[in-house]
Amino acid sequence: MIRIGALVSGGGSNLQAIIDACKDGRIDGEVVAVISNNSRAYGLQRAKDQGIATYHLSSVTHPDEEELDKAMVEILKGHDVELVCLAGYMKKRGPTFIKAFANKVLNIHPALLPKYGGKGFYGRNVHRAVVEAREPRSGATVHLIDEQYDHGPILAQVEIDVKDEDTPDSLAARILIQEHMIYPKVVSMIASGEIDLDDFDTSKWTPIYLDPA
Ligand code: GRF
């Protein structure tokens, strides 16, 4: 069973999708710790409701970024976490964190990276930009993190059509359904060894394209 840690900033519906998949056996794993930079994040409540250990760590509790990274690593390692899932986590982590979990930190982004990612492309902004550009397709991407926003190697994507009548909100809602499919699926493939992150070589990797839910 793979031991999963998660970082959340908001509602935590992707965290819930991962917790549910662990509980019903789709993921051979367990979410053992959840950290948020936002003490009022509903994602923390979701974790508490399942008896999962929760922590609030932020630039308020740790003004020095390096110290914050160290504190987060200490908590996650203390729970023997093997895989970290960023699930609507709005902050970037630094080299200390990334080195401690090299190739073991996943993120989900609600667009087809490398387009519509990076600084400023979060939440509704992503979908507004896609709709305004009249993109025919959008979707969700699960990728490994590096030190830039939405930048590390892409593990998997799912695509859907953007409809003429789509608004940023309607598109966000349809993509969120796909996020709740693709994120647990990728975690399950890591847990089963189908995706081998212990031996991950970006130059030999080709992203997986999943059918929409
Ligand atoms: C999702 O759209 C995710 O792709 C993005 O932030 C949103 C988080 O939603 N990174 P939730 O907190 O998982 O409900």
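Quick rundown of the values:
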read-out: Every residue from the stretch 33-55 that is free of Cβ contacts under 8 Å to residues at least 24 places away in the same chain and either hydroxyl-bearing (Ser, Thr, Tyr) or closer than 19 Å to Val186 by Cα (or both); value: Ser39, Thr54, Tyr55
read-out: Filtered residues of the stretch 33-49 (kept if assigned to a loop (DSSP other than H, G, I, E, B), crowded, with 16+ Cβ neighbours inside 10 Å and more than 12 Å from the ligand (Cβ to nearest atom)); value: Asn37
read-out: Verdict on Glu30 being out of contact with any Leu (no Cβ under 7 Å at 6 or more places or on another chain), surrounded by fewer than 20 Cβ atoms within 10 Å (Cβ to Cβ) and without any contact (Cβ under 8 Å) to a residue 12 or more places away in the chain; value: no
read-out: Condition met for Gly12 (within 16 Å of the ligand (Cβ to nearest atom) and in contact with a Phe, Trp or Tyr (Cβ under 8 Å, 6 or more places away or on another chain)); value: yes
read-out: Matching residues in the stretch 118-157 - criterion: being assigned to a strand (DSSP E or B) and more than 12 Å from the ligand (Cβ to nearest atom); value: Arg137, Leu144, Ile154, Leu155, Ala156, Gln157
read-out: Answer residue from the stretch 95-117, given it is in a strand (DSSP E or B) and β-branched (Val, Ile, Thr) and is nearest to His127 (Cα to Cα) among those; value: Ile108
read-out: Leading residue by the ranking (surrounded by the fewest Cβ atoms within 10 Å (Cβ to Cβ)) among those in the stretch 158-213 that are basic (Lys, Arg) and over 20 Å from Ile19 (Cβ atoms); value: Lys204
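FYI, it's all coordinate maths here, none of it is from the lab. It should be emphasised that the depicted structure is a prediction, and the values quoted were computed from it without experimental measurement. When we count neighbours, we look across all protein chains shown, and the Cβ atoms used for this are built from the backbone with ideal geometry, even at glycine.
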